[in-house]
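Notes for the one structure printed next.
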Amino acid sequence: MINEKWPYPRIVAHRGGGKLAPENTLAAIDCGHYYGHTMIEFDAKLSADQQIFLLHDDTLTRTSSTQGVAGDLTWDRLKQLDAGTWFSNKFRGEKLPLLSEVAERCRRYGLLANIEIKPTTGLEALTGTLVARAAAEYWQEMTMPLLSSFSRQALQAAQQEQPDLPRGYLMHEWQDDWLRTTQQLECVSLHLNYRLLTPTRIHQIKQAGLRILAYTVNDPCNAIELLEQGVDMLCTDRIDLIGPHFAG
Ligand code: G3P
Ligand code: MG
């Protein structure tokens, strides 16, 4: 059955500030908040010394001032990097944030969070365990964050570590065993590439008692259609066009 106490809104700012700020930074979260968003999604992984910080890619090349696998570096090294200039000179000096700093920002703004567990390859279970443990600690006086991952291993580890934290399973391609997977992981939601969604699939997923998050929806007409079809949440980069005002 659908959980009636579902606390999350219909629109989620992707990577904090969508395409308006350097993704997965505190500046991005400030931006999402500035545009009136009440929930943000971001990607979390481990440094070599097991600090949890925000980064989408396995490597640092695209979104920071250096190259290489992010998980190979300690936090002492990672915290020195510039994570803003790649996006714009206006964000020069912006840092990679720790999950603890992000939690503090969420508390300050009253923001809800979708923590996407994005493990470095080979560290799926450890990342799931440590992110779930930290999320339960940092968010203990706030609404619990929704944990999600493409990695079943990461979600299984999170489930074992903190069974009460809500979990969503991410699918980029359609998987026929989605129902068994979400049942085994005791997920509350299925998070899908919006292109996978058809009215029939939406109906089947909702019949299974799961909420649906569609990503990454950047066209307002598309967003309206998906919400009308029964999608519960949309993750968007167009935080300026698709927001709480839009969801009605
Ligand atoms: O969690 C939704 C979305 O962020 C998943 O894809 O690659 O943008 O992390 P990605
Ligand atoms: Mg993500």
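The values are calculated or read from the model by the stated rules, or taken from the named source; none is laboratory data. It should be emphasised that the depicted structure is a prediction, and the values quoted were computed from it without experimental measurement. FYI the Cβ positions are ideal-geometry reconstructions off the backbone, even for glycines, and counts take in every protein chain you see. Areas reflect the complete protein model, heavy atoms only, side chains present, ligands, DNA and RNA absent. Shrake-Rupley method; radii C 1.70, N 1.55, O 1.52, S 1.80 Å.
Some notes on this structure:
- For Thr198 and Glu225, the difference between the fully extended length at 0.36 nm per residue and the C-alpha to C-alpha distance is 8.6 nm.
- Cα gyration tensor shape of the stretch 134-189, rounded if a/c is under 1.5, else prolate or oblate by comparing a/b with b/c: prolate
- For the stretch 1-126, a/c is not less than 1.5, where a ≥ b ≥ c are the root eigenvalues of the C-alpha gyration tensor, and a/b does not top b/c. That puts it in the oblate class.
- Taking every C-alpha pair closer than 8 Å and separated by at least 6 residues, the mean separation divided by the residue count of the chain gives a relative contact order of 20 percent.
- Projected label distance in nm at Gln67 and Asp164, using a 7 Å step from Cα toward the beta-carbon: 4.8 nm
- Cross-link reach is defined here as a Cα-Cα straight distance under 27 Å, omitting same-chain residues fewer than 8 places apart; for Lys45 the lysines meeting it are Lys19, Lys79, Lys90, Lys95, Lys118.
- Counted over the stretch 120-248 with a bin width of 10 Å, the fraction of Cα pairs per bin, in whole percents, is 12, 39, 34, 14, 0.
- Straight Cα distances below 25 angstrom link Lys5 to the lysines Lys206, with same-chain residues fewer than 8 positions distant left out.
- Beta bridge orientation in the stretch 7-140: antiparallel %, DSSP, nearest 5: 40 percent
- Length-normalised contact order of the stretch 137-236 in % [C-alpha pairs under 8 Å, at least 6 apart]: 20 percent
- Theoretical FRET efficiency, 1/(1+(r/R0)^6), r = Cβ-Cβ of Leu241 and Lys79, R0 30 Å, to 0.05: 0.35
- Shape class for the stretch 76-159, computed from the alpha carbon gyration tensor (a ≥ b ≥ c): oblate, with a/c not under 1.5 and a/b at or below b/c.
- Reported to the nearest whole Å, the Cα centre-to-centre distance from the stretch 205-242 to the stretch 24-77 is 24.
- Rel. contact order, % - alpha carbon contacts under 8 angstrom, at least six apart, the stretch 1-126: 26 percent
- Taking the 1.4 Å solvent-accessible surface of the stretch 161-227 as the whole, the part contributed by carbon and sulfur is 46%.
- The antiparallel fraction among DSSP beta bridges confined to the chain stands at about 15%.
- The residues of the stretch 48-141 expose, per residue, 48 Å² of accessible area to a 1.4 Å probe.
- nm² value of the averaged projected area, convex hull over the Cα atoms of the chain: 12.3 nm²
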